[in-house]
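One structure below.
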Ligand code: SF4
């Protein structure tokens, strides 16, 4: 092991050695890793840590993305998807249409998960979500409902004049299995005041996640990087997720993804003109795996914002999950970035091309099929 490290001759060699020995790492380590240019050394160690947990297995899930409404009153500057109320392009998918789409995706792709996310629509009460979840559970009991990030939960609570805990409990009762980690962006209020001034603050995101975990609703966690944040703010954001995980244990996966500025207000204002690029993606995947070792077992590669080629590389830098097929995706496609749906065959082939073993998983990261 130390031979591996000596061969690396890295400026973060001491941190990498401690990571390989399973020692917990802290904020200063995270800053040094994020500042280092030795992405290959970090990637090698991240890959070793990944293989200790997952061998050469890479998972993916057959899923449907249901962007149920694009009407939103939060106007995030990084978002190309939303439309304000009464806009001619605004839409809300009816309960019946939601169920029809799930049925079609089940029949065509044998999906295991519906990932349901949308805008903060003040006209939607909790009954809408309860009706959709109950109908999915009644008709497609083996399709998991992975829905509503913390800011959407907060919006429902405001519409209902209720607490977020009560909303979560009611939604769980209706069939909510887990919640996606969207809306974290960077868990730093200085950053949020620039990119999403009307969205819930960092403490609220963490509180709602903790409430969900305590109610037995696990989640993923995300980080959207590559916009106005500093390295320190990025590192603090990751540390806050690690701190909550130590208390709740409810995060199943971490998904770092880079900001796509195309068609957003931030690009129009000249705040960010281009995405942060492939090297930064590989570094963030590696740093995530190294920092989260022993805390969060799954790190997802970001094919949606970086493309299949970069996502394949990420599998050699610590990522163990390829994400979903994402049938029906509309949020990232609004940036015009690239195709936002993959077939199962395409994902399996992409995983095999880099010498890994593809496995299909369910919503809780259990392996349900090997492709050998
Ligand atoms: S990111 Fe979500 S909350 Fe923000 S404007 Fe877009 S749809 Fe609304």
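Structure summary
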item	result
Checklist (1) in contact with a helix residue (DSSP H, G or I) (Cβ under 9 Å, 6 or more places away or on another chain); (2) under 22 Å from residue 253 (Cα atoms) applied to residue 146, failing item	(1)
Answer from 115, 49 - the residue that is modelled with pLDDT of 95 or more and more than 30 Å from residue 262 (Cβ to Cβ)	49
Counted residues, region 273-287 - those being without any contact (Cβ under 8 Å) to a residue 60 or more places away in the chain and within 26 Å of residue 193 (Cα to Cα)	7
Condition check for residue 40: crowded, with 23+ Cβ neighbours inside 10 Å and either more than 16 Å from the ligand (Cβ to nearest atom) or within 30 Å of residue 356 (Cα to Cα) (or both)	no
Total residues in region 265-299, condition under 12 Å from residue 224 (Cβ atoms), surrounded by fewer than 23 Cβ atoms within 10 Å (Cβ to Cβ) and within 20 Å of the chain's Cα centre (by Cα)	2
Answer from 253, 235, 184 - the residue that is in contact with a strand residue (DSSP E or B) (Cβ under 6 Å, 6 or more places away or on another chain) and modelled with pLDDT of 95 or more	253
Residue within region 238-250 that is within 16 Å of the ligand (Cβ to nearest atom), more than 20 Å from residue 30 (Cβ to Cβ) and either in contact with a strand residue (DSSP E or B) (Cβ under 9 Å, 6 or more places away or on another chain) or part of a strand (DSSP E or B) (or both) present	no
Selection from region 89-108 of residues that are more than 14 Å from the ligand (Cβ to nearest atom) and more than 20 Å from residue 130 (Cβ to Cβ)	104, 105, 106, 107, 108
Every residue from region 251-271 that is outside any loop (DSSP other than H, G, I, E, B) and touching a helix residue (DSSP H, G or I) at 6+ places or on another chain (Cβ under 8 Å)	251, 254, 256, 257, 258, 266
Where residue 235 falls short, out of the listed (1) in contact (Cβ under 8 Å) with a residue 60 or more places away in the chain; (2) over 17 Å from residue 33 (Cα atoms); (3) touching a helix residue (DSSP H, G or I) at 6+ places or on another chain (Cβ under 7 Å)	(2)
Pick from region 57-88, criterion in a loop (DSSP other than H, G, I, E, B) and away from the ligand (no atom under 14 Å from the Cβ), ranking: nearest to residue 364 (Cα to Cα)	62
Of all residues making up region 336-353, the number that are modelled with pLDDT of 70 or more and under 19 Å from the mean Cα position of the chain (by Cα)	3
Helices (runs of 4 or more DSSP H) contained in region 119-235 and holding at least 3 residues under 19 Å from the mean Cα position of the chain (by Cα) and either surrounded by fewer than 23 Cβ atoms within 10 Å (Cβ to Cβ) or away from the ligand (no atom under 15 Å from the Cβ) (or both)	202-214
Residues of region 90-107 satisfying the condition of being in a helix (DSSP H, G or I), out of contact with any helix residue (DSSP H, G or I) (no Cβ under 6 Å at 6 or more places or on another chain) and touching a residue at least 12 places away in the same chain (Cβ under 8 Å)	101, 103, 105, 106
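The values are calculated or read from the model by the stated rules, or taken from the named source; none is laboratory data. Bear in mind that the values here come from a model prediction, so they are computed numbers and not experimental data. In this analysis, Cβ positions are derived from the backbone assuming ideal geometry, glycine residues included, and neighbour counts consider all displayed protein chains.
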